[in-house]
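Encoded as structure tokens, the structure appears first; notes follow it.
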Amino acid sequence: MSTHKMFKLTLMAAALSAATLAQAAVSPDEAKQLGATLTATGAEKGASKDGLIPEYTGGLTNGPAVAKGTGMRADPYAADKPRLVITGKNLAGQEDKLTAGTRELLKRFPTYRIDVYPTHRSVNLPKFILDNTAKNAVNAKTTEGGVGVEGALAGVPFPIPKTGYEVMWNHLLRYQGLANTTKYDSWNVDASGVPTLATTGEIYQEFPLSDPKRTEPAKQNEVFFRTKLAYLAPARRAGEGLLVLDAINPLVQPRKVWQYLPGQRRVKLAPDVAYDTPNPGSAGASTYDDAWVFNGALDRFEFKLIGKKEMIVPYNGYKITYAKAAADVTKPNHVNPDMVRWETHRVWVVEATLKPGKRHIYSKRTFYIDEDSWTALASDEYDARGQLYRASYDFLTFSWDAQAPQSACHMIYDFVSGTYNVTGLVGMHGGIKYIEPLKPSEWTAEALAGAGVR
């Protein structure tokens, strides 16, 4: 076969592959599963065969009262007792239910354990999200070979996903309310077990597509997530600021980032605040796209959908998220097992492989996405040699008063350096507050400079 003919066939195969990735909308008949055998957002409604995952019955609708003027939420399941405790000694037979990172922690540290509690399917989303999800099922589709989205309203864009890209977009566009703010701590624990404050920060997050008054799908250049950070401590970081805007199609409108550094006393564009650039908010213990287990553009990896699996994952993490003292969490080698609640849930498993010619410190990543909230609950990261490098976790909570899942607290272990970082400890700072969106003028470089001056 001639080189020219082979080249044409290669182009045809690539075009077919891209077209397949763009076939996101399902048929009206298939969409009828939503609200029947599936929940309105695409999770399996029924219980698991062994009964460890209960039937979905509407989620948590009435938790403990939230103290006025705070964003502190008491653990609604504090009275539960573990049904199973897993250690390195009784790991046999449980490996298939645990991520690679979790298995490594159990094997590496005799003090590490997994306290598995009864499963609670807490998530309960607003009616407009459920209604829009039904419309998205037959209208939304991916573009640019999976990297962008079109035709999606506020809600789950792909409740019956067919590709890994669709599952990852469900995570990126998951409902988290319209706007929130919190003050938080980020701590690093070194290989000798010494904890160090990486940053204390104040963060504002907004999700413009989640406005219940919206009736039109997002445009390709429209921002779906914006966040503004002001670092308050330690002293060497105080006064720094960061403003990030992510658009629905990063190839049409790439991430926009502005950074304020007190030493320079100016705001500058910071295009490197993305992908595998070390995140100074964790003192370099994680990459920018490790935040919330994954964030940012999907263009550097091929995302393959492995399927759905019943696994033991962190869930309903009120105890760690709202911990009153960092010292209760940051123990040598690993976080305090007493502070982490594990449950059995169904998760979508997506394997991300670095594309040829693309650069990233991870060659492969495996993501575990919750079927009820579409939140990435955990991930395993592999280095260029194919060896397990890092493992990250999200301590999902559900804010019943705002009817929104929350991913404030997340962490990452580094198996090469023997260190870990935990970010989003909010209990010592008044919790997570849901607010009205900021004025447009607050999302400008000028506003960032004004907030950062010291």
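The values are calculated or read from the model by the stated rules, or taken from the named source; none is laboratory data. Predicted model only: the values in this text are computed from it and were never measured. Every residue, glycine as well, gets a Cβ built from its backbone with ideal geometry; the counts of neighbours run over all protein chains shown. We work out accessible area using only protein heavy atoms, side chains counted, and drop any ligands, DNA or RNA first. Shrake-Rupley method; radii C 1.70, N 1.55, O 1.52, S 1.80 Å.
Observations, loosely collected:
- E436 falls short of the stated requirement of being assigned to a helix (DSSP H, G or I), open to solvent by 10 Å² or more (accessible area, probe 1.4 Å) and either under 24 Å from N170 (Cβ atoms) or charged (D, E, K, R) (or both).
- Filtered by the rule that a residue be surrounded by fewer than 17 Cβ atoms within 10 Å (Cβ to Cβ) and part of a loop (DSSP other than H, G, I, E, B), region 221-242 gives N221, E222, P234, A235, R236, A238.
- Meets criteria (surrounded by fewer than 16 Cβ atoms within 10 Å (Cβ to Cβ) and touching a strand residue (DSSP E or B) at 6+ places or on another chain (Cβ under 8 Å)) for L425: no
- When region 274-299 is filtered for residues that are over 20 Å from H171 (Cα atoms) and of a type in the set (A, V, I, L, M, F, W, C), the ones remaining, listed by number, are A283, A285.
- Among (1) in a helix (DSSP H, G or I); (2) under 20 Å from the mean Cα position of the chain (by Cα); (3) surrounded by fewer than 21 Cβ atoms within 10 Å (Cβ to Cβ) - the single one I320 does not satisfy: (3)
- Restricting region 359-415 to residues that are more than 30 Å from T37 (Cβ to Cβ) and of a type in the set (A, V, I, L, M), the residue that is surrounded by the most Cβ atoms within 10 Å (Cβ to Cβ) is M411.
Here is a yes/no grid of residues against (1) touching a Leu at 6+ places or on another chain (Cβ under 8 Å); (2) within 17 Å of E442 (Cβ to Cβ):
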position: A198; (1), (2): no, no
position: G201; (1), (2): yes, yes
position: S210; (1), (2): yes, no
position: V223; (1), (2): yes, yes
position: K228; (1), (2): yes, yes
position: A233; (1), (2): yes, no
position: L242; (1), (2): yes, yes
position: L245; (1), (2): no, yes
position: N249; (1), (2): no, no
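- Scanning region 66-77 for residues that are in a loop (DSSP other than H, G, I, E, B) and either in contact (Cβ under 8 Å) with a residue 12 or more places away in the chain or open to solvent by less than 40 Å² (accessible area, probe 1.4 Å) (or both) returns V66, T70, M72, R73, A74, D75, P76, Y77.
- Of residues in region 243-291 being more than 30 Å from Y420 (Cβ to Cβ) and not in a strand (DSSP E or B), the one most open to solvent (accessible area, probe 1.4 Å): R265
- Residue satisfying condition, being touching a Phe, Trp or Tyr at 6+ places or on another chain (Cβ under 8 Å) and open to solvent by 40 Å² or more (accessible area, probe 1.4 Å), within set P110, P82, P54: P82
- Looking only at residues in region 373-432 that are assigned to a strand (DSSP E or B) and among the charged types (D, E, K, R), the one that is farthest from R121 (Cα to Cα) is D414.
- Summed over region 326-372, the residues that are in contact (Cβ under 8 Å) with a residue 40 or more places away in the chain and assigned to a strand (DSSP E or B) give a count of 20.
- For first residues located in region 162-191 and on the phi > 0 side of the Ramachandran plot, partners that are part of a loop (DSSP other than H, G, I, E, B) and open to solvent by 10 Å² or more (accessible area, probe 1.4 Å) and lie 6+ apart or on another chain with Cβ distances below 6 Å form the pairs G177/A402.
- All conditions in (1) open to solvent by 60 Å² or more (accessible area, probe 1.4 Å); (2) over 30 Å from P217 (Cβ atoms); (3) without any contact (Cβ under 8 Å) to a residue 60 or more places away in the chain hold for G88, with the sole exception of (1).
- Tally of residues being open to solvent by less than 20 Å² (accessible area, probe 1.4 Å) and under 16 Å from A31 (Cα atoms) across region 133-159: 10
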